[in-house]
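Enquirer: Starting off with a structure, shown below.
The values are calculated or read from the model by the stated rules, or taken from the named source; none is laboratory data. Worth saying up front: this structure is predicted, and the values here are computed from it rather than measured. Backbone-built Cβ (ideal geometry, glycine too); neighbour counts: all protein chains shown. Remember, those area values only see protein heavy atoms, side chains included, never the ligands or the DNA or RNA. Shrake-Rupley method; radii C 1.70, N 1.55, O 1.52, S 1.80 Å.
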Amino acid sequence: MTECFTGSFTQQEPIPEDAIARAVEVMRSGRLHRYNLVGDEPGEVSLLEAEFAEAMGAKYCLAVASGGYALACALRAVGVKPGDKVLTNAFTLAPVPGAIASVGAVPLFVGVTEELVIDLDDLAAKADRAKVLMLSHMRGHICDMDRLMAICDTAGVTVIEDCAHTMGARWRGTPSGRHGIAGCYSTQTYKHLNSGEGGLLVTDDDELAARAVMLSGSYMLYERHLAAPGAEAFAELRYDTPNVSGRMDHLRAAILRPQLARLSQQCAAWTERYRAVEEGLRDTPGLTLVERPEAEDFVGSSIQVLLLDWSEAAIAEVLRRCAARGVELKWFGAEPTGFTSRYDSWRYVRSERMPATDRVLRAILDTRLPLTFSLDDCRLIARIIRAEVAAIHQAGPA
Ligand SMILES: *Cc1c(COP(=O)(O)O)cnc(C)c1O
């Protein structure tokens, strides 16, 4: 009998009941705008910011409309200007180069290694060509942050972290997003907290935080924030920082706060699922697993495997056969489809070819592991991938 998987790779868990109850209270109040507050009430958005800042060990936090908005806001706040180059990962998702392009800046791509992290040798070689690195911890893979920060500090490169896939993860005990000057997170449905859309930005930098608050559309109401610098930080810059409206509202904050309280349990549950799939795929001939470094405390909300140096036809056949058995894998080697695309498909950027990176991208198969999957589901998914990879691998080069 051929086993098939019948679960949905895009089905997240329901919003917890206590979060729904809070959201209903906010709706009953009619006060959804973050600055629509009565008396001294802090409001859900400020409370979320204070709680997230504390969870990340940051001085400041700003909640915004999306993860992509947080990235662009951080770029503006550190002073990136139209025409500036910004270093970023060749292996990432479209909102990252998109955030760079949105401020008129120009992405300069840095390669990816077989470990699926930014190629630090390539970064070191390119570090004198830009003042800012937007580092994407793509699919939760964290590079050697000690070496990365040493390279960037030496070259005078400011680091902004895209933590869309690493909320709750750590490198040598430091939360992801806390190495660079700012960390940006997404609370879009497919990330680690779910408010449909939403983003968070953390920093310890007074000026960056004050600029980000003004940029997000605070008008002159910045003193209503709980996790922002004092009024003195705004004294001058409030006159010369444009309002690029992108606030979060109380409804989203209300459903995020109870989820944030459970973040570490959720992260552990994801990683348990990751380990179940990884275990089932270990020693599959022709398939390369990504060995995770000891220093990386990752969140396994998705898993990637490599079919290195396979022909495109053979990879396509594996994908087809897995899909026929209910396992939808994403392939970064293909033309842009759904959420996946690659650096050479962002044609608004003129990029240099990166043969070593192309070899890796061509090999990456990827799937999310939503918490609606049981551990048995994960073992079944691994058995299906293993069997189909083995079938094609045995048949020899296509
Ligand atoms: C989702 C995502 C973003 C942007 O988040 P949105 O909230 O969707 O704007 C940025 N980077 C990566 C790697 C992402 O996956």
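Enquirer: Quick check on region 191-207. Is at least one of its residues part of a helix (DSSP H, G or I), under 26 Å from ASP146 (Cα atoms) and modelled with pLDDT of 95 or more?
Expert: The answer is yes, given that some residue of region 191-207 is part of a helix (DSSP H, G or I), under 26 Å from ASP146 (Cα atoms) and modelled with pLDDT of 95 or more.
Enquirer: I'd like the residue in region 170-184 that is part of a strand (DSSP E or B) and away from the ligand (no atom under 16 Å from the Cβ) and, out of all such residues, is farthest from the chain's Cα centre (by Cα).
Expert: My answer is THR174.
Enquirer: Looking at (1) away from the ligand (no atom under 12 Å from the Cβ); (2) hydrophobic (A, V, I, L, M, F, W, C); (3) more than 24 Å from PRO355 (Cβ to Cβ), can you tell me which one LEU120 breaks?
Expert: (3)
Enquirer: For residues that are open to solvent by 10 Å² or more (accessible area, probe 1.4 Å) and β-branched (Val, Ile, Thr), scanning just region 78-111, find the one that is nearest to the ligand (Cβ to nearest atom).
Expert: Looking at the filtered set, the residue picked out is VAL103.
Enquirer: Moving on to the next point. Look through LEU237, LEU226, LEU200, LEU215 and report the one residue that is open to solvent by less than 20 Å² (accessible area, probe 1.4 Å) and closer than 18 Å to ALA58 by Cα.
Expert: The unique qualifying residue is LEU200.
Enquirer: If you go through region 44-53 one residue at a time, do you hit one that is away from the ligand (no atom under 16 Å from the Cβ) and part of a loop (DSSP other than H, G, I, E, B)?
Expert: Within region 44-53, not a single residue is away from the ligand (no atom under 16 Å from the Cβ) and part of a loop (DSSP other than H, G, I, E, B).
Enquirer: Of the residues that make up region 268-281, is at least one among the polar types (S, T, N, Q) and over 30 Å from HIS393 (Cα atoms)?
Expert: No, every residue in region 268-281 fails to be among the polar types (S, T, N, Q) and over 30 Å from HIS393 (Cα atoms).
Enquirer: Which of the residues that make up region 57-73 are within 16 Å of the ligand (Cβ to nearest atom) and either surrounded by fewer than 17 Cβ atoms within 10 Å (Cβ to Cβ) or in a helix (DSSP H, G or I) (or both)?
Expert: GLY67, GLY68, TYR69, ALA70, LEU71, ALA72, CYS73
Enquirer: Of the conditions (1) of a type in the set (S, T, N, Q); (2) in contact with a strand residue (DSSP E or B) (Cβ under 9 Å, 6 or more places away or on another chain); (3) away from the ligand (no atom under 13 Å from the Cβ), THR166 satisfies every one except a single condition; which number is it?
Expert: Just one mismatch for THR166, condition (3).
Enquirer: Restricting the search to region 147-163, which residues are free of Cβ contacts under 8 Å to residues at least 40 places away in the same chain and more than 16 Å from the ligand (Cβ to nearest atom)?
Expert: Selection gives ARG147, LEU148, MET149, ALA150, ILE151, CYS152, ASP153, THR154, ALA155, GLY156.
Enquirer: Cβ-Cβ under 9 Å, sequence separation 6+ or interchain: first residue in region 72-84 and free of Cβ contacts under 8 Å to residues at least 24 places away in the same chain, partner part of a helix (DSSP H, G or I) and of a type in the set (Gly, Ala, Ser). Which pairs?
Expert: Matching pairs, first to second residue: none at all.
Enquirer: Among the residues of region 19-56, count how many are open to solvent by 70 Å² or more (accessible area, probe 1.4 Å) and either among the acidic types (Asp, Glu) or more than 14 Å from ALA254 (Cα to Cα) (or both).
Expert: 4
Enquirer: Given the criteria β-branched (Val, Ile, Thr) and farther than 30 Å from LYS126 by Cβ, does VAL157 qualify?
Expert: no
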